[in-house]
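Some notes on the structure that comes next.
The values are calculated or read from the model by the stated rules, or taken from the named source; none is laboratory data. Computed from a prediction, not measured in an experiment: that's the story for all the values here. Positions of Cβ are backbone-derived with ideal geometry, glycine not excepted, and every protein chain shown enters the neighbour counts. Protein only, heavy atoms only, side chains kept; ligands, DNA and RNA dropped before computing areas. Shrake-Rupley method; radii C 1.70, N 1.55, O 1.52, S 1.80 Å.
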Amino acid sequence: MHALKEQGYSRYDLQKELAYDGLEKDLAELQAVFDTLPTDSYAPELNRYRRYSRAIIFDKDERMEWLPSIERENGSMAQYFQGRFNPEYVDSYREFPSLPDHILENKLLQKIIMHDYKETFWRQEDLILPVHAGIHFVKLEVTEDGQEGVSSPNLIHQDGEPFTFAHLMKRDNVVGGLNIVATPACAGKLPKDADESQFHESFEIHRPLESYGVHDEAVSHYVSPIQKGEADRPGVRSILLIDFQPTVLA
């Protein structure tokens, strides 16, 4: 069964599915980038850090190319737009610092992107032009008891892109980060205000490369804020998010 197509979401263990010599080294290189992510300038008080870059995928030969960044005074940036789907930034373009150049050639990152792309499904007319992929490096980090790291938006929601995948890079000394996948009717609500009978599944991901994907029109989804665990070190939850959308023709 193609779970993503049949039920609107799917879970994966890419440690097993992508196993190859050198995976651990490539994973460590990705994790090192998460360790030094800049603060999300759109929500500096929410203990969120991120980078973002964009690529295009040519379906016929499964070839991927990175799109150029926009050069600003404060460095290379990439734009992100979610239209009406993120209630915190409705119809707003956001700019995030781009991924470092060296990480674009990381073998594991490229394998993850293509793994996710091969899980997607499209109308033939969607594939006349390349498919766009958005690659988000997002970290929630809390250093003190009582602090929260909050994802955006902090509601059950849909993304606006046809497909989104989430891959855990690191989870350490964290309480929270509960994932919920629900029916579209739950979108716009906090879990406490939603009908739990419309929840398909609630789960946490703990191991690096433990992952899930959603077909946006079929489900809504949510991840709860994190807090620091009992150990005397920061609480960290780092996620690689990848979304896909067709090239839109006027």
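Whenever a residue of region 186-201 is touching a residue at least 40 places away in the same chain (Cβ under 8 Å) and open to solvent by 80 Å² or more (accessible area, probe 1.4 Å), it has no partner that is among the basic types (Lys, Arg) and not in a loop (DSSP other than H, G, I, E, B) lying with C-beta atoms less than 6 angstrom away and at least six residues away or across chains.
Residues in region 16-45 that are open to solvent by 60 Å² or more (accessible area, probe 1.4 Å) and either part of a strand (DSSP E or B) or of a type in the set (Phe, Trp, Tyr) (or both): 39, 42. Of all residues in region 74-113, those being surrounded by fewer than 18 Cβ atoms within 10 Å (Cβ to Cβ), assigned to a loop (DSSP other than H, G, I, E, B) and modelled with pLDDT of 90 or more number 1.
Consider region 46-62 and keep the residues that are in contact with a strand residue (DSSP E or B) (Cβ under 8 Å, 6 or more places away or on another chain) and among the charged types (D, E, K, R). The one that is least open to solvent (accessible area, probe 1.4 Å) is 48.
Within the option set 6, 65, being open to solvent by 50 Å² or more (accessible area, probe 1.4 Å), in a strand (DSSP E or B) and over 25 Å from residue 206 (Cα atoms) holds for one residue only, 65.
Let's see how each residue does on (1) surrounded by fewer than 20 Cβ atoms within 10 Å (Cβ to Cβ); (2) in contact with a Cys (Cβ under 8 Å, 6 or more places away or on another chain); (3) modelled with pLDDT of 95 or more:
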position: 125; (1), (2), (3): yes, no, no
position: 128; (1), (2), (3): yes, no, no
position: 146; (1), (2), (3): yes, no, no
position: 149; (1), (2), (3): no, no, no
position: 153; (1), (2), (3): yes, no, no
position: 162; (1), (2), (3): yes, no, yes
position: 165; (1), (2), (3): no, no, yes
position: 181; (1), (2), (3): no, no, yes
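Residue count for region 130-144, restricted to those that are open to solvent by 10 Å² or more (accessible area, probe 1.4 Å) and among the aliphatic types (A, V, I, L, M): 1.
Report whether or not residue 204 is farther than 29 Å from residue 133 by Cβ and open to solvent by 50 Å² or more (accessible area, probe 1.4 Å). It is false that residue 204 is farther than 29 Å from residue 133 by Cβ and open to solvent by 50 Å² or more (accessible area, probe 1.4 Å).
May I ask you to list the residues in region 168-225 that are in a loop (DSSP other than H, G, I, E, B) and touching an Asp or Glu at 6+ places or on another chain (Cβ under 8 Å)?
Residues satisfying the conditions are 173, 177, 178, 207, 209, 216, 225.
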